[in-house]
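The structure appears right after this line, and notes come after that.
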Amino acid sequence: MIPEIGTLALLIALVLAVLQSVFGLVGAHRNDAVWMRATSSSTVAVFLFVLLAFLVLAYGFVVHDYSIEYVAHNSNNELPLIYRIAAVWGAHEGSLLLWVLILSTWALLVSRLSKGLPDVFRARVLGTLGLVGVGFLAFTTLTSSPFTRLLPAPLDGADLNPILQDPALAAHPPMLYMGYVGTSVAFAFAVAAMLSGRMDASWSRWTRPWTVAAWMCLTLGISLGSWWAYYVLGWGGWWFWDPVENASFMPWLASTALIHSLAVTEKRGLFRNWTLLLAIFAFSLSLLGTFLVRSGVLVSVHSFAADPSRGLFVLGLLLFFIVGSLTLYAIRAPSLQSEGGFAPVSRESFLLLNNALLVAAAGLILLGTLWPLVMDSFNLGKISVGPPYFNTVFLVPTLPLVALVGVGMHSTWKRASYASKGRPLALMAIIGLVLGALVAFVCYGRYGLPLTIIGFGGGFFLMASALWQPLARLVRRQAQPRAALGMAVAHFGIGLFVIGVSGVASYKIEKDVSMGPGDTATIAGYTFRFESSKDVVGPNYLAREAQVAITRDGAPVAALTTQKRQFKIQNNPTTHAGIDVAWNRDLFVALGDELGAGKWSLRLQYKPLVRYIWLGGVFCALGGLIAILDRRYRGGIVEPVHPTDTETAAATGEG
Amino acid sequence: MTPRRKRLWTLIAVLAGLGLTALFVSKAFEKNLNYFYPPSEVASGKAPSGTPIRVGGMVSKGSVVRAQGSLEVQFVITDFAKDVTVKYTGLLPDLFREGQGIIAHGELKDGIFMADEVLAKHDEKYMPPEIAKTLKRQPDGTPADGSAPAGAVTR
């Protein structure tokens, strides 16, 4: 009986979402106060019913209700409680429910936290979000109901996919979805702006914190996913240019461009059309990501079931939102011309370049991701685009970006002068490069890759440049404006990330070895000794466990344990690597197969500076959080600023 | 500079930028497109030797041979029409098993596929689309429409 409550709740939520969009969009059009108030109430109601459905499914997992097909396919009597809850979003239907829940949560937050918005505008934003909700609720109920019954109910379930039984997985999808779905808020703001023909500084000020919040979640979600792939999936790699990874990365690039372009639109009233387009792109790329994951058109680590009807449905939604919003854009954009100029060297120019480079990177990654699909559909052969392509097309636009960010952070609006800042910046760049060369030759003893020293140097320069103004303010005992501080922290994080990537890419060592008890192998000066192996029994798996002791110059460094787990139900093995973490490197041991003659295959890895990749992501997200807390995003109605108003040009670092 | 001249230079700069980008993308593309060949096409000589390609199929039952205690492994993949022998040195993915679909990346050398990477599907029911298409209506009755729940290819 309880699962039917879930189905019913989803249906009611669908009807309410229709009401939410009709009340919102039509109500705003007719300027009907009652309808517009009803939008907010229906937003709350949609959220409550989706939450109810979600709880019903979670309850099914907790009490092992195998009469629900989805539970039977993704749970098991022996599955620990934490993974039974994570299993709610462990496969297609449930993760879609999570998608919808997060969408309705964003809508709820918008309706609760934006009291300062004019009623008409808020109604349009909520109405647009309602429309997105209608699409995905219909998708869930029509093609992917998680509450389908399986009768007679089996006594035990088929268990959760073993690679998903991991703590990082519990957090990765919700965080990533918060980001993915969060782009719909910026999209809704853009649609509302186009519908009302009003797009001024206060519009940007309303949109910015939401965009940054979504971007922050996306950053954390991608970092978590990369970390998870590192120790569960990827045998020690942190990024594979897998189509689904790309699918999450392209919206990130677009949102990053968007938060920078919004800054210009808020402060200078420029780039309006471009900002609107970016908001549409970011959301479209999120939908495209959903399509790629759901339809199974691409082979990927994350692909869910390949069900053509599901793929078609998402493709339909994708087309509807892209075509709809671009049509609206074509009608409205001419009336939203930006006015006002800026000098070639100015904050505007730097942000314009930032946008061009980020969008170029996103476009080239999109090309590489979709090309296999294009080739296949024209019967030109089955191809895959290799990681070197992505490395190249990503590095070429983003490497100059590192230098631009370091310099551009200190620019001013309209016309920037580097009379007083040029010298310190040049000094920082030189010191950064020298430091980079020192790290390469002294710490690692060799040049590395062609770009190693540039990478290290760029990272150090960026970190120094980011810290400069906050430190200067600290010394002068000035207040730290949160937006400026957030920007500095996020850019500092980019610097950390660049250093981490440079270190891993240049100096990592991977070695597959065959080892028996007592055997040793040495990489990067660390000696790995295979101590012993034994069988271990887990809650829902059996495992072979190997003990590996690591020494350096005879001194013990770490004792690692690595397991190959054989899950009882799904009969799928997974590898649990042993990782020793230090501030400057990871040592990584993964157990392979038994090779006969008492030997095992083992993969040994030395990963210098790899932690800074994820730490950089955390700093970026933290920077976003600090920026959202800026004073000017709080408080009530913001006085509308005239479109051509240029007095808002700020003197110092607000990004 | 007159506005007209300024516009001309901007146009030239933009076109040059676009041209360079196109050139560099096509170069990067050329080098990194890996074509996929089923065993039948390898056997009939359609697949090129000496350039990186991918092959995929089912690992034949009883074909996995390993020198005792060594990382070198040899196996046969099949599309139930033709076979290809694959050699690989290193760790095989978790789900590498006889009777399962895999994709190998590497080069053909004297009719033997020297793999530098082996990818296996990550679920018993999931089939990479390339293999599914190759195996359509094959004797072992494996569904080729991919109508199976969650799964993935992984390394």
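Any read-out appearing in this document is the output of simple, stated calculations on the displayed coordinates, not a laboratory observation. These numbers were taken from a predicted model, which means no experiment stands behind them. Ideal geometry is used to build each Cβ from the backbone, glycine not excepted, and the neighbour counts take in all protein chains shown.
Worth pointing out:
- Convex hull of alpha carbon positions in region A:178-293: directionally averaged projected area 6.8 nm².
- Whether chain A is rounded, prolate or oblate, judged on the alpha carbon gyration tensor where a/c under 1.5 counts as rounded: oblate
- Shielding by partners - mean other protein chain Cβ count within 10 Å, residues of B:65-72: 5
- Quarter the surface of the alpha carbon convex hull of region A:468-546 and you get the mean projected area, 10.8 square nanometres.
- Share of Cα-Cα pairs in region A:506-551 lying beyond 18 Å, as whole percent: 41
- Cα centroid separation, region A:443-493 to region A:512-583 (Å): 37
- Once each of the GluC sites (Glu not before Pro) sitting in a DSSP loop with at most 15 other beta-carbon atoms within 10 Å is removed, chain A keeps A:340-646 as its longest stretch.
- Measuring r between the beta carbons of A:V62 and A:D535 and using R0 = 22 Å, the FRET efficiency lands at 0.10.
- When the convex hull of its Cα atoms is projected in every direction, mean area for region A:1-54 (nm²): 3.2
- Proximal lysines to B:K61, defined as alpha-carbon separation beneath 21 angstrom and excluding residues fewer than eight positions away on the same chain: B:K82, B:K87, B:K121, B:K125, B:K133, B:K136
- For region A:118-203, a/c is not less than 1.5, where a ≥ b ≥ c are the root eigenvalues of the C-alpha gyration tensor, and a/b does not top b/c. That puts it in the oblate class.
- Descending semi-axes in whole angstrom, ellipsoid equivalent of region A:518-619, from the Cα gyration tensor: 25, 20, 10
- Inter-chain shielding of B:23-35 (mean C-beta neighbours from other protein chains, 10 Å cut-off): 6
- Zero-based 10 Å bins, Cα pair distances in region A:405-536, whole percents: 11, 29, 24, 16, 10, 7, 2
- Note, ³J(HN,Hα) from phi for region A:624-629, Karplus 6.51, -1.76, 1.60, rounded to Hz, x at Gly and Pro: x, 4, 4, 5, 5, 7
- Ascending count of other beta-carbon atoms within 10 Å, so fewest first, for A:R552, A:R122, A:R611, A:R198: A:R552, A:R198, A:R611, A:R122
- Bridges between two residues of the protein assembly as shown, per DSSP, are antiparallel at a rate of about 95%.
- Overall form of region A:347-434 per C-alpha gyration tensor (a/c, 1.5; a/b vs b/c): oblate
- Count, lysine Cα pairs under 30 Å in chain A, 8 or more residues apart or across chains: 19
- Only helical runs count toward this figure. For chain A, summing -39,500 (n - 2.57) over DSSP H runs of n ≥ 4 and dividing by all residues gives -21000 deg cm²/dmol at 222 nm.
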